[in-house]
Amino acid sequence: MTVTTRFAPSPTGALHVGNVRTALHNWLLARKHGGRFLLRIDDTDTARSREEFVEGIKADLTWLGLHWDGEERQSARFDLYEAQFQRLVAAGRVYRCYETAQELDLKRKVLLGRGLPPIYDRAALALSEADHAARAAAGEAPHWRFLLDRESPIEWQDGIRGAQHFDPARMSDPVVRRADGSWLYLLPSVIDDVAMGITDVLRGEDHVSNTAAQVQMFAALGAECPRFAHEALLTGAEGKLSKRLGSLGMDALRDEGIEPEAVIALLARLGTSDSVDPALDTPALAASFDLSRFGRAPARFDEAELHRVNAALVHRLPFARAAHLLPEGMGEAAWEAIRPNLSHIGEAADWWRVVTGPVPAPALEQEDKAFLAEAAAQLERGGADWQALTAALKEATGRKGKALFLPLRRALTGMDHGPDMAALLPLIGREEALRRLSAAAT
Ligand code: GLU
């Protein structure tokens, strides 16, 4: 069977780093097996779902290069849910309930007070058809619970957590449909996973208890369960899920100059002890993606690490990939000279200004001025070749090391540090370099 994964965001907000990691891992899993990666918009909550979030989610996935092979929207699939739901009604696997939130809360408190687990008591199962009719006549609509099979232990082999066991006798029958007819997440998700041929459900461990209930829903619908894997949640570098991390979106990262490949490189490995390698392209990341590498401890996301990965990525980024983000006129040689000094591509413009000038005239000692006059004379005789220029100056003045290089760098760039002068000098060009040396010498 073709490996088919899905990313199923609810469009009630922008994606944050944690959701993006889930999307990426599903994408990598599908790519690794030559399978399919589907985007499922979980928009059953019509009040909270917004079109702008759907657009934002797609824009972020596109920016990251996580292309999806198919797209579905839950809001367009209500007929399917209704039909499957009616099967469960006919099979007696869903039942009508009327308790209010307050009543349920009270029941829970009583049980907890007695030291018992706060499990729904199935009181509504005892209602007769006459009771339901009376409720209906009084204008009261039921909500619906899924009837767990308390005799069938729930088990699955989790791709990350290993063997999982749940005792359905210790679980509440989950509510699957509200009194207004709207759907909660649990059942439509299972119906879709079956209909879309999902073979692997990979999601956060906050869904483990949902999975326990859903395992029985697959069975009730006569379907095989997909493989499940639940990833440890993300925490901030400081150990807990910070507010910032929970809302850290791709827009913010993009604005800080983070490249999508850096996000991919880091998030692909986050949760494993494997090293992050910005040199790996997505086919290599997919080939090496392996659920068994993921641990159960919370995965730490460190923004500073993302910036380091980004810098390492930029240092090896080919010109063709960076070109559209570079200032007008900045060519391949300039990019290659400048990129080792960048932590993000946007800074290239600052260094390009050092090439094109004007640069601030440095404050220099008298003897450095004489030295720079000599440098101008040497440059006049030779070409814009740094090796030749510095060799000749060393010979002529006896200077070496810092005393030789620093005044030249200051005069030519207006700065004490920066890209390799051997690469920079030809870019500045002989005429302009002469102007700068002469200006600094007077
Ligand atoms: N819409 C659900 C969520 O965002 C999907 C969970 C799932 O992957 O099944 O949590």
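Residue-wise test of (1) under 31 Å from the mean Cα position of the chain (by Cα); (2) of a type in the set (Lys, Arg).
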site: 171; (1), (2): no, no
site: 177; (1), (2): no, yes
site: 183; (1), (2): yes, no
site: 188; (1), (2): yes, no
site: 197; (1), (2): yes, no
site: 200; (1), (2): yes, no
site: 204; (1), (2): yes, no
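Taking helices (runs of 4 or more DSSP H) that do not extend beyond the range 7-110, which have at least 3 residues that are more than 26 Å from residue 135 (Cα to Cα)? It would help to see each step written out before you state the result.
Working: elements: 17-32, 51-64, 78-90.
The helices (runs of 4 or more DSSP H) meeting that bar are 17-32, 51-64.
Looking across the range 185-205 at every residue that is open to solvent by 10 Å² or more (accessible area, probe 1.4 Å) and over 16 Å from residue 25 (Cα atoms), the one that is nearest to the ligand (Cβ to nearest atom) is identified as 185. Selection of first residues in the range 191-215 that are farther than 24 Å from residue 76 by Cα and of second residues that are near the ligand (Cβ under 8 Å from one of its atoms) and open to solvent by 10 Å² or more (accessible area, probe 1.4 Å), restricted to Cβ pairs under 7 Å at least 6 apart or on distinct chains, gives the following pairs, ordered by first then second residue: 204/22.
Hey, among the residues in the range 116-132 that are of a type in the set (A, V, I, L, M, F, W, C) and open to solvent by 60 Å² or more (accessible area, probe 1.4 Å), which one's nearest to the chain's Cα centre (by Cα)? Break it down into steps so the answer makes sense when it comes.
Keep residues of the range 116-132 that are of a type in the set (A, V, I, L, M, F, W, C), which gives 116, 119, 123-127, 130.
If we keep only those that are open to solvent by 60 Å² or more (accessible area, probe 1.4 Å) too, we end up with 116, 125-126, 130.
Working: 116: 41, 125: 44, 126: 48, 130: 53 Å.
Result: 116.
Go through the range 161-203 and give me each residue that's in a helix (DSSP H, G or I) and on the phi > 0 side of the Ramachandran plot.
Taking the range 161-203 and keeping what is in a helix (DSSP H, G or I), we get 168-170, 186-195.
Once the filter is applied, which keeps residues that are in a helix (DSSP H, G or I) and on the phi > 0 side of the Ramachandran plot, the range 161-203 yields nothing.
Scanning the range 124-138 for residues that are without any contact (Cβ under 8 Å) to a residue 24 or more places away in the chain and not in a helix (DSSP H, G or I) returns 128, 138. Screening the range 355-399 for residues that are aliphatic (A, V, I, L, M), touching a Gly at 6+ places or on another chain (Cβ under 9 Å) and in a loop (DSSP other than H, G, I, E, B) and picking the one that is most open to solvent (accessible area, probe 1.4 Å) gives 361.
Looking across the range 1-23 at every residue that is within 22 Å of residue 194 (Cβ to Cβ) and away from the ligand (no atom under 11 Å from the Cβ), the one that is surrounded by the fewest Cβ atoms within 10 Å (Cβ to Cβ) is identified as 1.
Only residues that are open to solvent by 40 Å² or more (accessible area, probe 1.4 Å), over 26 Å from residue 432 (Cα atoms) and assigned to a helix (DSSP H, G or I) were counted across the range 313-354, and they come to 4. Taken as a whole, the range 140-160 holds at least one residue that is within 16 Å of the ligand (Cβ to nearest atom), of a type outside the set (Lys, Arg), part of a loop (DSSP other than H, G, I, E, B) and open to solvent by less than 60 Å² (accessible area, probe 1.4 Å). Of all residues assigned to the range 213-227, none qualifies as being touching a His at 6+ places or on another chain (Cβ under 9 Å) and open to solvent by 10 Å² or more (accessible area, probe 1.4 Å). Would you mention how many residues in the range 24-53 are within 10 Å of the ligand (Cβ to nearest atom) and among the hydrophobic types (A, V, I, L, M, F, W, C)? Result for the range 24-53: 1.
Kindly establish whether residue 405 is open to solvent by 40 Å² or more (accessible area, probe 1.4 Å) and outside any loop (DSSP other than H, G, I, E, B).
yes
Considering the conditions (1) over 29 Å from residue 318 (Cβ atoms); (2) polar (S, T, N, Q); (3) at pLDDT 95 or above, residue 442 is excluded by exactly one of them, (3).
For the range 45-59, does any single residue satisfy the condition of being buried (at least 20 other Cβ atoms within 10 Å of the Cβ) and in contact (Cβ under 8 Å) with a residue 60 or more places away in the chain? Break it down into steps so the answer makes sense when it comes.
Keep residues of the range 45-59 that are buried (at least 20 other Cβ atoms within 10 Å of the Cβ), which gives 57.
Retained after the next criterion (residues that are in contact (Cβ under 8 Å) with a residue 60 or more places away in the chain): none.
No.
Of all residues assigned to the range 236-245, none qualifies as being open to solvent by 50 Å² or more (accessible area, probe 1.4 Å), within 16 Å of the ligand (Cβ to nearest atom) and under 27 Å from residue 70 (Cα atoms). When the test is whether a residue is in contact with a Cys (Cβ under 6 Å, 6 or more places away or on another chain) and within 25 Å of residue 5 (Cα to Cα), residue 228 does not pass it. Screening residue 85 with (1) surrounded by 14 or more Cβ atoms within 10 Å (Cβ to Cβ); (2) within 16 Å of the ligand (Cβ to nearest atom); (3) hydrophobic (A, V, I, L, M, F, W, C) gives one miss only, at (2). Could you tell me which residue of the range 161-174 is farthest from the ligand (Cβ to nearest atom), considering only residues that are within 17 Å of residue 143 (Cβ to Cβ) and buried (at least 19 other Cβ atoms within 10 Å of the Cβ)? Checked the range 161-174; the qualifying residue farthest from the ligand (Cβ to nearest atom) is 173.
Residue check: is residue 177 within 16 Å of the ligand (Cβ to nearest atom) and either modelled with pLDDT of 95 or more or under 26 Å from residue 85 (Cβ atoms) (or both)?
Considered against the rule, which asks whether it is within 16 Å of the ligand (Cβ to nearest atom) and either modelled with pLDDT of 95 or more or under 26 Å from residue 85 (Cβ atoms) (or both), residue 177 comes out as no.
The values are calculated or read from the model by the stated rules, or taken from the named source; none is laboratory data. Treat the numbers as computed from the prediction; the structure is a model and nothing was measured. Positions of Cβ are backbone-derived with ideal geometry, glycine not excepted, and every protein chain shown enters the neighbour counts. Quick note on the areas: whole protein, heavy atoms, side chains included, nothing else; ligands and nucleic acids left out. Shrake-Rupley method; radii C 1.70, N 1.55, O 1.52, S 1.80 Å.
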